1. If we keep just the residues of region 26-38 that are of a type in the set (Ser, Thr, Tyr) and surrounded by fewer than 21 Cβ atoms within 10 Å (Cβ to Cβ), which is nearest to residue 242 (Cα to Cα)?
2. Do we have residue 41 as surrounded by 10 or more Cβ atoms within 10 Å (Cβ to Cβ), in contact (Cβ under 8 Å) with a residue 40 or more places away in the chain and not aliphatic (A, V, I, L, M) here?
3. Quick check: is even one residue across region 170-192 touching a helix residue (DSSP H, G or I) at 6+ places or on another chain (Cβ under 9 Å), crowded, with 19+ Cβ neighbours inside 10 Å, at pLDDT below 85 and more than 23 Å from residue 85 (Cα to Cα)?
4. Step by step: first the residues of region 106-124, then only those that are exposed (fewer than 11 other Cβ atoms within 10 Å of the Cβ) and aliphatic (A, V, I, L, M), then the one that is farthest from residue 150 (Cα to Cα). Which residue is that?
5. Against the conditions (1) in contact (Cβ under 8 Å) with a residue 40 or more places away in the chain; (2) part of a helix (DSSP H, G or I), where does residue 148 fall short? Just the number, please.
6. Determine the pairs where a residue that is in contact (Cβ under 8 Å) with a residue 40 or more places away in the chain, located within region 153-167, has a partner that is crowded, with 19+ Cβ neighbours inside 10 Å and not in a helix (DSSP H, G or I) with Cβ atoms under 8 Å apart, the partner being 6 or more residues away or on another chain.
7. Residues to consider are 143, 192; find the one that is part of a helix (DSSP H, G or I), within 19 Å of the chain's Cα centre (by Cα), over 19 Å from residue 118 (Cα atoms) and not basic (Lys, Arg).
Amino acid sequence: MNRKRYFHFFIHLILIVSFVIIAFPVFYAFIVSTQTFQDVFVYPPKFTPGNDTIQNYVAAWETVKMGRLLFNSTLISVAVAVGKIVLSLMAAFAFTYFGDFKGKGLFFVIILITHMLPLPIRIVPTFELMRSFNWVDTYYALTVPFFASATGVLLFRQLFLTVPASLCDAARVDGITPMGFLMRILIPLSRTNVSALFLIEFLYMWNQYLWPLVVTNRDEMRVVQIGLKMLLAGQAQAADWNIIMAGTIIAMLPPLIILFVMQSSLVKGFSMQEEK
């Protein structure tokens, strides 16, 4: 009994220490975002909130037009996440239930091979393609190159393979069309996967820096990650870390909101699967 108690104590201790290590940078960033310029450089550092919270956040918001940057990042992240889910569902549906077209195996292998070609490797040809379409400095260039997702195709295809063939036969007997089978049966069964993929892709696009930096020139088309870099680069001498940390905290809020919202649906989906 004592051994079991010590084991649980040790596990909880590891969890607490891990939480402190992970959460401390966020906590300290928030503390710095409330302090004055002089307080930031005090040694030993202060771990208590300062009195310049409103001034710092207003300065970060107005310096780089944070509202526009948040709008761009949110629009791009949502559009790419939704686009990837739609295309992945359609592709996985075709690979699973339309097995009579030629070259299905080859096409699926080619899709998986794209995992080996991340965007930094193909950034030059992709940029040339966007320029040939006159899409530079547009939302098309910021979203369309990310719509294809080998991960999403593989995820949904593996799920669809677990659906009994008798369910598809019963739907066909009832007169349900292939698209009706996808919309009314497969997609409701995929809610957990859809939520997980949406969350992953939203966070992935929210943290994009290199591609938006390459394919945009105007400030109104920049994203929030570039805005944070602009806050740092705009300092002539010593960086105003209190304002930079305020911008960082602002940039963290939308992903945190999405995470909390999607977390409930993920938990419900996993609970439903366990009950089945």
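1. Taking the candidates together, the pick is 36.
2. Against the criterion (surrounded by 10 or more Cβ atoms within 10 Å (Cβ to Cβ), in contact (Cβ under 8 Å) with a residue 40 or more places away in the chain and not aliphatic (A, V, I, L, M)), residue 41 qualifies.
3. No, that holds for no residue.
4. Among those residues, the one meeting the criterion is 124.
5. Here residue 148 clears every test but (2).
6. Qualifying pairs under 8 Å: 156/190; 159/190.
7. On inspection, the qualifying residue turns out to be 192.
Results for (1) touching a Gly at 6+ places or on another chain (Cβ under 6 Å); (2) over 23 Å from residue 209 (Cβ atoms); (3) aromatic (Phe, Trp, Tyr), shown as yes or no for each residue.
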{"position": "87", "(1), (2), (3)": "no, yes, no"}
{"position": "90", "(1), (2), (3)": "no, yes, no"}
{"position": "107", "(1), (2), (3)": "no, yes, yes"}
{"position": "116", "(1), (2), (3)": "no, no, no"}
{"position": "126", "(1), (2), (3)": "no, no, no"}
{"position": "131", "(1), (2), (3)": "no, no, no"}
{"position": "149", "(1), (2), (3)": "no, no, no"}
{"position": "153", "(1), (2), (3)": "no, yes, no"}
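The values are calculated or read from the model by the stated rules, or taken from the named source; none is laboratory data. Keep in mind that this is a model prediction, so the values were computed, not measured. Backbone-built Cβ (ideal geometry, glycine too); neighbour counts: all protein chains shown.
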